[in-house]
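Each value in this text was obtained by applying a stated rule to the coordinates, not by laboratory testing. Fair warning: this is a prediction, and the values are worked out from it, not measured in the lab. Methodologically, a virtual Cβ is constructed for each residue, glycine included, from the backbone with ideal geometry; neighbour enumeration extends over all protein chains shown.
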Amino acid sequence: MNLAVIGAAICMLACAGAGLGMGLATGRAAEAVARQPEASGKINSIFLLGLALTESTAIYGLLTALIILFVKGG
């Protein structure tokens, strides 16, 4: 089996981890707003910043996997 494919699959674990983290963060933010509705603006801004950073991790993992497949694998 080609080692580039295995390397790309390992890089895609970052995308799976980011998806799991985003789901957990969304659930916790919803709980926090339910507990303290008056703090929803502050919670929302911190939540969106965290989601942006988590999404960038997933994008880096995807780009790394594509680079491995198309540059190193071919």
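Scanning the stretch 58-74 for residues that are assigned to a helix (DSSP H, G or I) and either farther than 22 Å from residue 4 by Cα or over 22 Å from the mean Cα position of the chain (by Cα) (or both) gives 70, 71, 72.
Taking the stretch 1-57 as the range and being more than 8 Å from the chain's Cα centre (by Cα), closer than 28 Å to residue 71 by Cα and of a type in the set (Gly, Ala, Ser) as the test, the residues that pass are 4, 7, 8, 9, 52.
Tallying residues that are of a type in the set (A, V, I, L, M, F, W, C), surrounded by 13 or more Cβ atoms within 10 Å (Cβ to Cβ) and either in contact with a strand residue (DSSP E or B) (Cβ under 6 Å, 6 or more places away or on another chain) or touching a residue at least 12 places away in the same chain (Cβ under 8 Å) (or both) within the stretch 6-45 yields 10.
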